[in-house]
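Before any comments, here is the structure.
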Amino acid sequence: MSALALRRWLVASTISCTLCGVQAAGVVTFCSDGAPEGFDVVQYETVITNDASGIPLYDTLLQMKPGTTTVEPGLAERWDISADGTVYTLHLRKGVKFHTTPWFKPTRDFNADDVLWSLNRINDKSHPAHGVAKNGYPYWAGMSMPELIKSVSKVDDQTVRITLTKPESPFVADLTMTSIASIYSAEYADQLLKAGKLEQINTQPIGTGPFVFKSYQKDAVIRYAANTAYWNTPPKVDLIFAITPDPSVRIQRLKAGECLVSLVGGDNARAFDGDARINLLRSKPLTTSYLAPNSKHRFLSDKRFREALSIAIDRKTFVQSVYGGEAVPAGSFLPPGIWSHDATLKTTQDIERAKQLVKASGYDGSELTFFATARTSDIKRGTELLQGDWARIGVKVRVQLMELGELYKRTGKGEHDLALLSWFSDNGDPDNFFTPNLSCAAAEGGGNKSQWCNKAFDDLLAAARATPDLKKRSEIYVKAQQLLFAETGLITLANKLDVRGVNKRVRGYVATPFGGSDFRAVQVD
Amino acid sequence: MFGFILKRLALVVPTFIGITLLAFSLIHLIPGDPVQVMAGERRLDPAFHAEVLHRLGLDRPLWEQYGSYLWKSMHLDLGESFVTHEAVWSEFLKLFPATVELSICALFIATVVGLLAGVLAAIKRGSVLDHGVMGLSLTGFSMPIFWWGLLLIMFCSVNMREWAPAWALPVSGRMALEFDIAPRTGFMLIDAWLSGEEGAFRSALSHLVLPAIVLGTVPLAVIARMTRSSMLEVLREDYVRTAKAKGLSPTRVVFVHALRNALVPVITVIGLLVGTLLGGAVLTETIFSWPGIGKWLIDAISRRDYPVVQGGILITATLVIVVNLLVDLMYAVVNPRIRHAK
Amino acid sequence: MSAVLSTEEVATAGAPPASSLGDFWRSFATNKGAVAGLFVFIFVILCALFANLLAPHDAIEQYRDALLTPPMWAEGGSSKFILGTDDIGRDVLSRLLFGARLSLLIGFVAVLLSMLPGMALGLTAAFFPRVGVAILRLMDVMLALPSLLLAIAVVAVLGPGLLNTMLAIAIVAVPSYVRLVRASAMSELTKDYVIASRLAGAGTLRLMFNTVLPNCMAPVIVTATLGFSDAILTAAALGFLGLGAQPPTPEWGTMLASARDYIERANWVVTLPGLAILITVLSINLMGDGLRDALDPRMKKLS
């Protein structure tokens, strides 16, 4: 190429590049913070996989009203609960179509067979598709579904009956969870089974959801097309997930216009000061970050020592540094968005009293281990701040950072003295915060990271699960929160706000209370 | 010649077996139960635990496990990822072209610029240019390359977007998102060209620039220094002085006679650089979110995804051995003394 | 004629005459870059040694009301924090100074831990050829993996932390010493003075350590110097990936890891630790070049 031609080419490319990053109207790009583990969503339990594989592709039996925790009809139009609370009869919606793709064309509408397939496949070990999940179904097991569900049976093509072993009030909310009640196409599964390619359910998914799966470039891009045959209002845009685990890269892509929506995190919110093209959307996910002190270990078994650790913490600076101020110091373990949250419980910093309590508990100066995940720098900062806070009252702490999976495993086994964790609500029900994390059963099973087993607390939880009366349940949960707080079963830190950068051309984006994204109503100008 | 090839191949076999031992033992050296890792934050059913242990063959005697591992590896069955349940070999195949594309571009830049710089420095020995080239190359391999990458991102993407947006380079990924390119070969440049879409090729190229420069910096420095030494050595040789005395023009002397001979050790070094490239790819891919095998391995190690770690180590090491073998053979073809040595 | 400095060539280069320190220094001093490198390196050592006198603040003290202050010369900076503070309010200058201690320590320990076993194995391989073959194969296996990957794998097994980082780096560096010493020793073994010693009745161990080893030291010293700088870079890489020193240790690489999020708003947190690494490693490499030139006339010819 001659020098002149080269120069012309360079000029042309730079000019056209100013249009780079401008999305064609009708496509919304989301910079997600990780790659999904797979598209067979019931096999997995992370928010990232749920965002990519659950909400866009599948519908659940019941749904939450977008952005809230109010249960409303999903693939089941109505539901009846028997008087004793153990039999749920679901009346299914007519005229719902499964996705049509190059690899599957449905010949019938959604009906009870699909529900049976979806639920029995997880619950029944002898089901032909059960073994596709090499790691099992951790969510199902974690919510104790195998012990809870007695049977799932078909009454007729549009009616399904689920029988439980005991009354469980949170069950209605459970039916809105994508990792529990996502409905798959039994017909597609049969087609794959006959071809001997059942694993394809994980790489080429079929659902009834608002978006249809188009392609996945591993660790890079997921492409979805709007489902024009959706039973509810079809989306007006196609969807692209650009997988960008690095927070600073997400910010840069947002600014460059490569992504229209992305989670930026409170501590990075300042990066958009004065940028007129990006709006910051703040939402209140149902989450609490907390410390799990191992109450089976020395010193930590004394509730005075635990309290000392709690009141030594400078939550104000913690919130400022770790979340950029986009968080609220937490009092009760239950976050403010969940009903029965007790707002009267608060922790105020008191260094002097903390020092006294430390002395009273007989702490001898030995070093405690403090586990946390190494995923992002904001957590690292948090551990260093806490380390500093506790040094001030004479408590020595050694930080050990590790990957998330290893953190769960080791804290589950109780190897830690202290651990920095956070819990996201799965279904908006208060029980979901307490039972998996603080019950005596969970202490055995590894879910109760503080190994704190208190019989009175356990009894309260059981009573609340057994009654469907919301008012009564509310009263019980308030008592439970107060007991937990008084005993310092765990040390709460903050309820963070999710901060997302949304390009101002985007309308209708909804952040779910569970930390996820809902693109069903999105429009791009 | 044939004998030499056989002898070299024979040397490779024990090394390869050693590598399989290394990869295999990894999963057993790490403290704790690998199956427990899969439990996540909720409890792991003990019956299920035993079932998985059995399915992965972790309950059989060690030597039996190793034997089965060796056999399966020969058939490219490297197990499945604990996280995605996809076959390790097929995950590797999906991600490998990205790393290869990046490495080839990095090597290309390193070779072209390195050779040029080395030759110029050798010809103008002792001059400012010489010292400059040597100084810059020494700086090049004294920098932490992840820092160098961050600096480049800072200047060429972030700050450039404020100063001269048309010249700003993309921050991450292989291709602008508005292009949906069919992955025919896995090489984005080729696929973009084949797709015929307007601006796709340019986009792929602009995404390659920064990562390739970062990855190619250390090889560039090595090649520049190596070329310079080699050229200096050759330029002193008698036959070069003879050529000069005979009246051949200096350019002809340099390029026809000297360079050809000076290139030989440089080619050897290029072969050895494969290891450096694969190692450097880990850091470069992390910084630029480049979906290749370097990033894949790092993620797998932090997630304790052992089948991927084992498979990745095995494949990487085998690749390095194969490339070194080829380079050795090529060197022997070029230099008969080696063939008949010992 | 290979400029790759294959071990064979290096070894057959022959022992330098037992030169006096003066001769050596003269040779070294002709390389201006090497001398500059030496001075900078001494400066770094001094910074590390006197860190607690030079540093204006404690390296882990968090100034909660001064998060992310810019350096003194920038807008918003103050003379209290000359190079500014990081994301949880720690003084950057102090952390860099204490970080120098860590980097030098890592380099020193890693080199020692790799050089000593490496030399021992290399000598064994040279003196006992049958064992030598096995040792060489093992080294080949270790060399087949890119060194960073091997270090990462070792740390994955041992767990993250400063000590394990040093161990991992040391393990990865052993093979080059083994090969070097073995080749060097093997060529020495064919020399007259060794054969004479043997005939005179010298035992193997005496032969190994008193006679042969001192003549192999030249290339080992050069490799050790380069190994030192390599150790610092690898430790920084491991720290960057989160596998190295854990918080709140002020290791330079670990400082860079959390700095990634601040490329836009607080670039001093990114540039300064990297610059520290660059300056230190560059000075060592310059010295290494000078050492190589000074220690062996024939090697000098190649550059």
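The values are calculated or read from the model by the stated rules, or taken from the named source; none is laboratory data. On a predicted model such as this, the values are computed, not experimentally measured, just so you know. A quick note on method: Cβ atoms are made from the backbone with ideal geometry, for glycine too, and the neighbour counts reach across all protein chains shown.
The selection criterion, being under 20 Å from the mean Cα position of the chain (by Cα) and either away from every other protein chain (no Cβ under 14 Å) or surrounded by fewer than 24 Cβ atoms within 10 Å (Cβ to Cβ) (or both), does not hold for residue A:162.
Just a yes or no: is a residue in the range C:22-39 within 22 Å of residue C:289 (Cα to Cα), more than 25 Å from the chain's Cα centre (by Cα) and either of a type in the set (A, V, I, L, M, F, W, C) or at pLDDT below 80 (or both)?
Going residue by residue through the range C:22-39, those that are within 22 Å of residue C:289 (Cα to Cα) are C:22-39.
Those still in the list that are more than 25 Å from the chain's Cα centre (by Cα) too: C:22-23.
Then keep just the ones that are either of a type in the set (A, V, I, L, M, F, W, C) or at pLDDT below 80 (or both); that gives C:22-23.
Yes; the residues of the range C:22-39 include at least one that is within 22 Å of residue C:289 (Cα to Cα), more than 25 Å from the chain's Cα centre (by Cα) and either of a type in the set (A, V, I, L, M, F, W, C) or at pLDDT below 80 (or both).
Can you tell me which residue in the range A:327-380 is surrounded by the most Cβ atoms within 10 Å (Cβ to Cβ), limited to those that are within 14 Å of chain C (Cβ to nearest Cβ) and over 30 Å from residue B:286 (Cβ atoms)? By that ranking, first place goes to A:349.
Selection over the range A:421-433 of residues that are more than 14 Å from the chain's Cα centre (by Cα) and surrounded by fewer than 24 Cβ atoms within 10 Å (Cβ to Cβ) gives a count of 1. Note on the range A:165-200: residues that are over 18 Å from the mean Cα position of the chain (by Cα), under 30 Å from residue A:429 (Cβ atoms) and among the acidic types (Asp, Glu) amount to 1.
Please note which strands (runs of 3 or more DSSP E) are completely contained in the range A:385-503 and include at least 3 residues that are hydrophobic (A, V, I, L, M, F, W, C). It would help to see each step written out before you state the result.
Values: elements: A:397-402, A:418-424, A:491-496, A:498-503.
Per the criteria, A:397-402, A:418-424, A:491-496.
When only residues in the range A:117-159 that are assigned to a helix (DSSP H, G or I) and among the small types (Gly, Ala, Ser) count, which is farthest from the chain's Cα centre (by Cα)?
Filtering the range A:117-159 for residues assigned to a helix (DSSP H, G or I) gives A:117-123, A:130-132, A:138-142, A:145-148.
Those still in the list that are among the small types (Gly, Ala, Ser) too: A:118, A:131, A:141-142.
Numbers: A:118: 21, A:131: 25, A:141: 16, A:142: 14 Å.
Here the residue is A:131.
Taking the range C:207-303 and the helices (runs of 4 or more DSSP H) fully enclosed by it, no element has 1 or more residues that are among the aliphatic types (A, V, I, L, M) and touching a strand residue (DSSP E or B) at 6+ places or on another chain (Cβ under 8 Å). Answer yes if at least one residue in the range B:289-300 is among the polar types (S, T, N, Q) and in a helix (DSSP H, G or I), and no otherwise. Within the range B:289-300 (the criterion being among the polar types (S, T, N, Q) and in a helix (DSSP H, G or I)), the answer is no, since none of the residues qualifies.
Among the numbered conditions (1) more than 27 Å from the chain's Cα centre (by Cα); (2) among the small types (Gly, Ala, Ser); (3) not in a helix (DSSP H, G or I), the only one that residue C:134 does not meet is (3).
This table checks each residue for (1) farther than 23 Å from residue A:63 by Cα; (2) of a type in the set (A, V, I, L, M).
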{"site": "A:236", "(1), (2)": "no, no"}
{"site": "A:251", "(1), (2)": "yes, yes"}
{"site": "A:262", "(1), (2)": "yes, no"}
{"site": "A:265", "(1), (2)": "yes, no"}
{"site": "A:271", "(1), (2)": "yes, yes"}
{"site": "A:278", "(1), (2)": "yes, yes"}
{"site": "A:292", "(1), (2)": "yes, yes"}
{"site": "A:300", "(1), (2)": "yes, yes"}
{"site": "A:305", "(1), (2)": "yes, no"}
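If we scan the range A:183-204, do we find a residue that is in a helix (DSSP H, G or I), among the hydroxyl-bearing types (Ser, Thr, Tyr) and either under 19 Å from residue B:287 (Cβ atoms) or more than 10 Å from chain B (Cβ to nearest Cβ) (or both)? Working first, answer last.
Narrowing the range A:183-204 to residues in a helix (DSSP H, G or I): A:186-195, A:198-202.
Next cut, among the hydroxyl-bearing types (Ser, Thr, Tyr) only: A:188.
Remaining after also requiring either under 19 Å from residue B:287 (Cβ atoms) or more than 10 Å from chain B (Cβ to nearest Cβ) (or both): A:188.
The answer is yes; a qualifying residue exists.
Might you let me know whether the range B:67-86 holds any residue that is of a type in the set (Phe, Trp, Tyr), surrounded by 13 or more Cβ atoms within 10 Å (Cβ to Cβ) and at pLDDT 85 or above? Reasoning before the result, please.
Quick first cut of the range B:67-86, residues of a type in the set (Phe, Trp, Tyr) only: B:69, B:71, B:82.
Those left that are additionally surrounded by 13 or more Cβ atoms within 10 Å (Cβ to Cβ): B:69, B:82.
Then keep just the ones that are at pLDDT 85 or above; that gives none.
Scanning the range B:67-86 turns up no residue that is of a type in the set (Phe, Trp, Tyr), surrounded by 13 or more Cβ atoms within 10 Å (Cβ to Cβ) and at pLDDT 85 or above.
The set of residues from the range B:154-174 being more than 8 Å from chain A (Cβ to nearest Cβ) and aliphatic (A, V, I, L, M) comprises B:154, B:160, B:164, B:169.
Which one of these is part of a loop (DSSP other than H, G, I, E, B) and either away from every other protein chain (no Cβ under 12 Å) or modelled with pLDDT under 90 (or both): A:229, A:308, A:271?
Values: A:308 fails: part of a loop (DSSP other than H, G, I, E, B); A:271 fails: part of a loop (DSSP other than H, G, I, E, B).
Exactly one of A:229, A:308, A:271 is part of a loop (DSSP other than H, G, I, E, B) and either away from every other protein chain (no Cβ under 12 Å) or modelled with pLDDT under 90 (or both), namely A:229.
Against the test of being more than 12 Å from chain A (Cβ to nearest Cβ), touching a residue at least 60 places away in the same chain (Cβ under 8 Å), over 30 Å from residue B:147 (Cα atoms) and more than 15 Å from the chain's Cα centre (by Cα), the options C:215, C:210 yield a single qualifying residue, C:215. Within the range B:170-222, how many residues turn out to be within 23 Å of residue A:33 (Cβ to Cβ), under 20 Å from the mean Cα position of the chain (by Cα) and without any contact (Cβ under 8 Å) to a residue 60 or more places away in the chain? Adding up the residues that qualify gives 1. On the stretch given as the range C:91-148, residues that are surrounded by fewer than 21 Cβ atoms within 10 Å (Cβ to Cβ), under 28 Å from residue C:248 (Cβ atoms) and among the acidic types (Asp, Glu) total 0.
For the criterion of being surrounded by fewer than 18 Cβ atoms within 10 Å (Cβ to Cβ), of a type in the set (Ser, Thr, Tyr), closer than 30 Å to residue A:489 by Cα and away from every other protein chain (no Cβ under 13 Å), residue A:283 passes. In the set (1) modelled with pLDDT of 90 or more; (2) within 11 Å of chain B (Cβ to nearest Cβ); (3) more than 30 Å from residue A:134 (Cα to Cα), residue A:234 fails one condition alone, (2). Return the residues of the range A:395-428 that are among the β-branched types (Val, Ile, Thr), more than 9 Å from chain B (Cβ to nearest Cβ) and touching a residue at least 60 places away in the same chain (Cβ under 8 Å); say none if nothing qualifies. Correct list: A:395 only. In the range B:125-148, the residues that are over 24 Å from residue C:274 (Cα atoms) reach residues that are surrounded by 20 or more Cβ atoms within 10 Å (Cβ to Cβ) with C-beta atoms within less than 6 angstrom, at least six apart or across chains, in these pairs: B:130/B:121.
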